[in-house]
Amino acid sequence: MERRRGDSYLGREFSEPAGLPEDVHVKKKMECVDCHQTLQGGMGHIERRATCQDCHPEVEQAMAKSLHKKVSCEACHVKMLGGYEMTSWGSGMVASKPSPFKKYSLYYGPMEPPILIKDQQGIWIPAKIWPNSMGGFKDAVAPKPGLTWRWPKGETRDALVHLGTFSVPGGNNNYLAWLQVEQVAHPLGRSRTCESCHDAPAQVAKVTWEYLDTQGAEPFKGSQRVVADKDGLRVVDIKATTKMKPLPDGKTEHFAAWMHLGDIWKTGGDFSIPKSDPAKYKKLNTDVRAALAKLSAEDKQLKAREARGEDVKKERRRWKEARAAAVHEAVQYLSGMK
């Protein structure tokens with residue numbers, strides 16, 4: 001939930017938790033099927049057929065010449081996520097019957113911002129990352145370092161981190177643990193700032209959540225952080241921030257195994273974002289500001305001519321291309337504007 005599905009697109013009262021931003025395209029009255037088509041499997045087989053470039057070709061041209069040509073659109077334009085922030089599989093009631101594999105998943109809350117990772121082709125994409133564990137697993141499983149892509153050839157850009165199995169005193173052993181690492185695509189909105197990515201080599205996402213499952217315990221709140229840097233990817237500081245009141249027969253070993261598993265949610269690798277050169281960064285900002293000021297003046301002139309009924313379609317198209325280049329920092333194009 002809230003990675004790329006309908007609730008993250010619609011936002012507001014449809015999101016988990018309620019009140020998260022809606023996708024910018026909702027305001028334009030765009031429906032899901034405007035970009036996604038169902039195939040032979042019906043609603044169980046739905047794929048995106050439209051791309052950002054279909055509606056924003058000038059942005060595609062700008063990005064192809066920019067410093068960010070290997071950065072996906074959503075890497076900058078998705079700033080907040082919601083939905084699951086944790087799952088813990090343990091004993092409980094499923095369909096009114098006792099089961100050793102009840103999924104306690106309603107740890108709902110926002111994550112901000114998404115963590116950026118490189119996909120199978122080296123393109124930076126935003127990812128939702130959260131810890132998962134399942135108790136009562138029979139076999140011992142060794143950890144695998146780094147990311148494991150669910151579809152190595154790129155059919156999807158979802159991954160996971162195999163953390164392996166763990167045993168804790170008095171726990172529901174063995175616990176199979178993993179990190180979910182999934183591509184996100186909504187909600188698209190205003191771009192992140194340059195500083196949010198390039199001011200520090202480490203990425204840090206802040207997460208807050210509320211436990212809302214009907215079993216295990218009464219609702220309580222908590223938080224965690226997701227850190228991605230040159231030393232690896234990890235979820236740290238998982239904790240309850242309000243008092244936890246277990247329900248009858250509720251055991252933390254089942255609905256909150258993270259309390260017992262400790263500092264296991266990590267893997268190695270370089271997940272840092274390249275730090276920009278301060279001098280080049282300052283010059284780029286100066287060029288962009290100058291270009292935007294010039295474009296603002298041209299926009300006023302075009303609007304005045306449009307108001308007089310003049311045909312300025314060609315000039316307006318060139319203006320849109322120039323603005324896309326400036327906003328998306330197409331250095332080669334900006335150098336030609338001076």
Discussion item. Here is a check on your reading of the model: is Val327 of a type in the set (Val, Ile, Thr), surrounded by 13 or more Cβ atoms within 10 Å (Cβ to Cβ) and over 26 Å from the mean Cα position of the chain (by Cα)?
Written reply: no
Practice prompt. Would you check if Arg12 is outside the structural domain of Lys283 (by TED's automatic domain parsing), under 20 Å from the mean Cα position of the chain (by Cα) and at pLDDT 85 or above?
Written response: yes
Response to the item:
Per the list (1) at pLDDT below 95; (2) of a type in the set (Val, Ile, Thr); (3) not in a loop (DSSP other than H, G, I, E, B), residue check on Ile129 breaks on (1)
Practice prompt. Hey, could you check region 291-319 for residues that are surrounded by 10 or more Cβ atoms within 10 Å (Cβ to Cβ) and among the acidic types (Asp, Glu) and say which is farthest from Val59 (Cα to Cα)?
Written response: Glu310
Item to complete: Could you name every one of the strands (runs of 3 or more DSSP E) located completely within region 161-242 that has at least 3 residues being without any contact (Cβ under 8 Å) to a residue 40 or more places away in the chain and surrounded by 14 or more Cβ atoms within 10 Å (Cβ to Cβ)?
Response: 220-229, 232-240
Discussion item. So Pro274 passes all but one of these: (1) at pLDDT below 95; (2) outside any helix (DSSP H, G or I); (3) in contact with an Asp or Glu (Cβ under 6 Å, 6 or more places away or on another chain). Which condition number does it fail?
Written reply: (3)
Discussion item. Going through Lys69, Lys102 one at a time, which residue ends up being among the basic types (Lys, Arg) and at pLDDT below 95?
Written reply: Lys69
Worksheet item: Can you name the number of the only condition in (1) over 27 Å from Ile129 (Cα atoms); (2) touching a Pro at 6+ places or on another chain (Cβ under 7 Å) that Ser272 fails?
Response: (1)
Worksheet item: Would it be correct to say that Val288 is over 31 Å from the mean Cα position of the chain (by Cα), surrounded by 11 or more Cβ atoms within 10 Å (Cβ to Cβ) and not assigned by TED's automatic domain parsing to the domain that holds Tyr211?
Response: no
Item to complete: Kindly indicate the residue of region 192-208 that is among the small types (Gly, Ala, Ser) and at pLDDT below 90 and also nearest to Val236 (Cα to Cα) among those meeting that condition.
Response: Ala200
Worksheet entry | Checking Pro21 against (1) surrounded by 16 or more Cβ atoms within 10 Å (Cβ to Cβ); (2) of a type outside the set (A, V, I, L, M); (3) at pLDDT below 90, the condition it does not meet | (3)
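The values are calculated or read from the model by the stated rules, or taken from the named source; none is laboratory data. Quick caveat, the model's predicted, so the values are computed rather than measured. So basically every Cβ, Gly included, is an ideal-geometry build from the backbone, and we count neighbours across all protein chains shown.
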